[in-house]
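Here is the structure we will look at, set down as structure tokens.
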Amino acid sequence: MSNNSFEIKVGLAEMLKGGVIMDVTNSDQAKIAEDAGACAVMALERIPSDIRKDGGISRMSDPEMILGIQKAVSIPVMAKCRIGHFAEAQILETLEVDFIDESEVLTPADEHNHVWKHNFKIPFVCGCRDLGEALRRIAEGAAMIRTKGEAGSGNIVEAVRHMRTVMTEIKRATRLDKEELIAEAKRIGAPVSLLQQVAKLGKLPVPNFAAGGIATPADASLMMQLGAETVFVGSGIFKSDDPAARAKAVVEATTHFENSEIVAKASTGLKNAMKGLDMSEIAKEDRLQERGW
Amino acid sequence: MVITIGVLELQGGFDLHHKMLKKIGINSFGVKVETDFKKIDGLIIPGGESTTLSLLLDTFKLRNAILEFAKSYPIMGTCAGLIMMSKSIDDERVKPLGLLDIIVKRNAYGRQVMSSQEKVIFALNKERNIELFSTFIRAPRIKDYGNDVIIIAKFKDYPVAVFSRNLLGLAFHPEIDGIDIFHRMMFDNYSEFYYKKLKENYAA
């Protein structure tokens, strides 16, 4: 009957809660992710740390590679399109990916506008650094929000900054008067009606996940305790020395994020995590989080 | 007596079940470890990914706890929860609990683009049908079922809500649509739909 309502899109995001969504670049990695307990995979040609290293233009993945991953696993398969590149999104829709990530990890196609996501049957996830950005994306039709962090850095500091910012702004909204909410909407560049919803709910109107820099079970636990409802792990798994074990450990730590004994056990005996970058090693113009408007 | 219903919180759509229980005035509790089963009077296994749920049930050794619990308390499963309650499924990646005598197929309707809201007719008893609109997300299909399984709702010739003894399995998500009748049926002993009151109707 009805199969593209916003509720159905958000419904899938609800089902991904409490889980780990892993970046994978081929079917073998996708199977490792599924066997480790990932609740979804993100199919992309190069993981963010390699995109950062290789430079050049980063685009939507080859459909063949996405189709291969869809064949290999039974869990939802997500894929990325460039910011504003609705033709790439249309292709991903014909491939029937389960979620489209309009992602700052790829090179933006439009420096002013994002995709109008309401036009699509498939749900979208978009990144944000603050509440205003989150609500602009939801206004465009995003069914899930993820805080951006700094993809491919292996450094949790930006993910924390963005989650803290969103949560602080949500708390602030819940305390404002009706009059003040209008001024606040103007200040943060958010649609008034959505900010009013946030003020009433005390949370975003769609699930709020965390991404960008998660490399260890403790990182996952930290983000969940700060208010993330699921975590995305990109380079952190397949740039580590033992992806299968690390993937499983991050899954366990995400489920039991408040149980430090289980997180400690999950953290024990893992081989090296990805090396990671200090933010001072990434010039401001090279930061992926700056992309998105 | 105040009762508390557990919602399995390994991974998946547990939030909306907590919200639904709160709406109908029942305490809820997130179940993650074996000792949590001592604190609850009923259990919901939510939707999510059955591969993940199956793995985590083993990792955290919860299978036996659920099987024991099922002997005396009501359990409801939605979507992946239904898959986990089944006797067998078409996918070796998932090891079901074998609570309900049903055979299911995962993602039977296709990927997310095929997820939909559909009209489902819920047969409360012989005289009374209730029409509901509920959401199917990458939904499973109940391909076959045993003699002691009662079909309480069908969609396109396949059962989508099945009941047996103290167990209810749903292929769809009433919690997404704000439909409280199934939660009341399993956990609200004041409700006219409470399963212990309805048993004779179903058996007839």
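The values are calculated or read from the model by the stated rules, or taken from the named source; none is laboratory data. Being a predicted model, the structure only gives us computed values, none of them experimental. Glycine also receives a Cβ, built like all others from the backbone with ideal geometry; neighbour counts cover every protein chain displayed.
When you check residue A:45 against the structure, is it of a type in the set (D, E, K, R), without any contact (Cβ under 8 Å) to a residue 60 or more places away in the chain and surrounded by fewer than 23 Cβ atoms within 10 Å (Cβ to Cβ), yes or no? In short, yes. Scan segment B:175-197 for residues that are buried (at least 24 other Cβ atoms within 10 Å of the Cβ) and within 14 Å of another protein chain (Cβ to nearest Cβ) and the total you get is 2. Taken over segment A:124-139, the residue count meeting the criterion of being among the hydrophobic types (A, V, I, L, M, F, W, C), crowded, with 21+ Cβ neighbours inside 10 Å and part of a helix (DSSP H, G or I) is 4. Residues in segment A:207-238 that are out of contact with any Phe, Trp or Tyr (no Cβ under 9 Å at 6 or more places or on another chain) and in a loop (DSSP other than H, G, I, E, B) were compared, and the one that is nearest to residue A:277 (Cα to Cα) is A:213. Summed over segment B:132-174, residues that are among the aromatic types (Phe, Trp, Tyr), part of a strand (DSSP E or B) and within 14 Å of another protein chain (Cβ to nearest Cβ) total 3.
None of A:142, A:79 is small (Gly, Ala, Ser) and either more than 30 Å from residue A:240 (Cα to Cα) or assigned to a helix (DSSP H, G or I) (or both) except A:142.
When A:138, A:170 are screened for being closer than 23 Å to residue A:40 by Cα, out of contact with any Cys (no Cβ under 6 Å at 6 or more places or on another chain) and modelled with pLDDT of 95 or more, only A:138 passes. Of the residues examined, residue A:13 is not one that is crowded, with 22+ Cβ neighbours inside 10 Å, closer than 30 Å to residue A:282 by Cα, within 17 Å of the chain's Cα centre (by Cα) and not aromatic (Phe, Trp, Tyr). Residues in segment A:1-57 that are over 22 Å from residue A:216 (Cα atoms), of a type in the set (Asp, Glu) and facing chain B (nearest Cβ under 8 Å): A:7, A:14.
Output the residue which, of all residues in segment B:23-58 that are assigned to a helix (DSSP H, G or I) and away from chain A (no Cβ under 14 Å), is surrounded by the most Cβ atoms within 10 Å (Cβ to Cβ).
Ranking the candidates gives B:37 first.
Going through segment A:87-114 one residue at a time, which ones are within 16 Å of residue A:136 (Cβ to Cβ), assigned to a loop (DSSP other than H, G, I, E, B) and of a type in the set (S, T, N, Q)? Matches in segment A:87-114: A:113 only. Considering only residues in segment A:103-123 that are within 14 Å of another protein chain (Cβ to nearest Cβ) and of a type in the set (A, V, I, L, M, F, W, C), the one that is surrounded by the most Cβ atoms within 10 Å (Cβ to Cβ) turns out to be A:122.
Of all residues assigned to segment B:90-100, none qualifies as being in a strand (DSSP E or B), surrounded by 21 or more Cβ atoms within 10 Å (Cβ to Cβ) and in contact (Cβ under 8 Å) with a residue 12 or more places away in the chain.
If you go through segment A:160-167 one residue at a time, do you hit one that is part of a loop (DSSP other than H, G, I, E, B) and modelled with pLDDT of 95 or more? Among the residues of segment A:160-167, not one is part of a loop (DSSP other than H, G, I, E, B) and modelled with pLDDT of 95 or more, which makes the answer no. With respect to the conditions (1) farther than 25 Å from residue B:153 by Cβ; (2) within 13 Å of chain A (Cβ to nearest Cβ), residue B:18 lacks only one, and its number is (1). Within segment A:168-179, being of a type outside the set (Lys, Arg), closer than 16 Å to residue A:202 by Cβ and in a helix (DSSP H, G or I) holds for A:168, A:169, A:170, A:173, A:174. For segment B:75-88, the set of residues classified as crowded, with 22+ Cβ neighbours inside 10 Å and either part of a loop (DSSP other than H, G, I, E, B) or in contact with a Lys or Arg (Cβ under 8 Å, 6 or more places away or on another chain) (or both) consists of B:79, B:83, B:86, listed by residue number.
May I ask you to verify whether residue A:267 is touching a Pro at 6+ places or on another chain (Cβ under 7 Å) and modelled with pLDDT of 90 or more? Yes; evaluated as a whole, the condition is true for this residue.
Listed here are the residues, each with its yes/no results for (1) buried (at least 24 other Cβ atoms within 10 Å of the Cβ); (2) under 14 Å from the mean Cα position of the chain (by Cα); (3) within 30 Å of residue B:39 (Cα to Cα).
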{"site": "B:107", "(1), (2), (3)": "no, no, no"}
{"site": "B:122", "(1), (2), (3)": "no, no, no"}
{"site": "B:139", "(1), (2), (3)": "yes, yes, no"}
{"site": "B:159", "(1), (2), (3)": "no, yes, no"}
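In segment A:44-76, the residue that is nearest to residue A:240 (Cα to Cα) out of those that are in a loop (DSSP other than H, G, I, E, B) and more than 21 Å from the chain's Cα centre (by Cα) is A:55.
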